Amino acid sequence: MAILKVAQLGHPVLRRRADPVSPEELQTPEFQRFIDDLIETMREYEGVGLAAPQVHVSKRVAVVESHRNPRYPEAPEFPLTVLVNPVLTPLTDEAIEWWEGCLSIPGMRGRVLRPRKVKVEAQDRTGAPTVTEVEGFTAVVHQHETDHLDGIVYFDRMEDLRELAFEREYRMHWAKPEDDDDEDENGPGGDEPDGEEPR
Ligand code: NI
């Protein structure tokens, strides 16, 4: 497996609508290897999600995964999921607020409101159709990654760009107390992502 180079904001690949993955293409060893690399790259950079356009591949596939420290049993966790050609449908008008981050926009956080619960229709890496309902943080990550497939980044979803912050300022002025604990874990001065933000 390989760690792939992550496209940074300003690269046109992040702004175009990605192409669907055909059943034939999905079955190829090359594409299966690409999915493995996407997973590997997400884990290397401690993201909780990564979409193919973020590694310069304009295809409708994304991976999501969140494993939290057992010290925080209340923290949001969800298993590794490969989303091929995902289609999301909001299931509620209720919004969830999250300070999102993105591997393609390093070092920043912004406050975004999204539907709290969504239906996710997609295919898995074998091409089998899947339908799930996700909510809360899991729903935020699924929406953030699916947005990447449509050339959308979280800035575009912000109601107020004044609620954009560098990581350090986010932690100083906006983070909730449990996020401070995470900072202790990572060590002072570390700017490693805490694994909580969508990527
Ligand atoms: Ni992102």
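The values are calculated or read from the model by the stated rules, or taken from the named source; none is laboratory data. What you see is a predicted model; the values in this text were computed from it and never measured. Glycine also receives a Cβ, built like all others from the backbone with ideal geometry; neighbour counts cover every protein chain displayed.
Inside region 1-106, counting only strands (runs of 3 or more DSSP E) that do not spill past its ends, which hold 3 or more residues that are exposed (fewer than 14 other Cβ atoms within 10 Å of the Cβ)? Give the steps one after another, and end with the answer.
Details: elements: 49-51, 61-66, 78-90, 95-102.
Answer list for region 1-106: 78-90.
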Condition first: assigned to a strand (DSSP E or B) and away from the ligand (no atom under 16 Å from the Cβ). Now tell me which residues in region 107-116 satisfy that. 113, 115
Check on residue 120, touching a helix residue (DSSP H, G or I) at 6+ places or on another chain (Cβ under 7 Å), more than 14 Å from the ligand (Cβ to nearest atom) and closer than 26 Å to residue 31 by Cα: yes
For region 136-143, does any single residue satisfy the condition of being surrounded by 15 or more Cβ atoms within 10 Å (Cβ to Cβ), part of a strand (DSSP E or B) and at pLDDT 95 or above? no
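Is at least one residue of region 115-125 of a type outside the set (D, E, K, R) and more than 23 Å from residue 34 (Cα to Cα)?
Checking region 115-125: at least one residue is of a type outside the set (D, E, K, R) and more than 23 Å from residue 34 (Cα to Cα).
For every residue, the table says whether it meets (1) in a helix (DSSP H, G or I); (2) surrounded by 18 or more Cβ atoms within 10 Å (Cβ to Cβ); (3) more than 16 Å from the chain's Cα centre (by Cα); (4) in contact (Cβ under 8 Å) with a residue 12 or more places away in the chain.
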position: 127; (1), (2), (3), (4): no, no, yes, yes
position: 146; (1), (2), (3), (4): yes, yes, no, yes
position: 162; (1), (2), (3), (4): yes, no, yes, no
position: 170; (1), (2), (3), (4): yes, yes, yes, yes
Would you call residue 48 within 22 Å of residue 168 (Cα to Cα) and touching a residue at least 24 places away in the same chain (Cβ under 8 Å)? yes
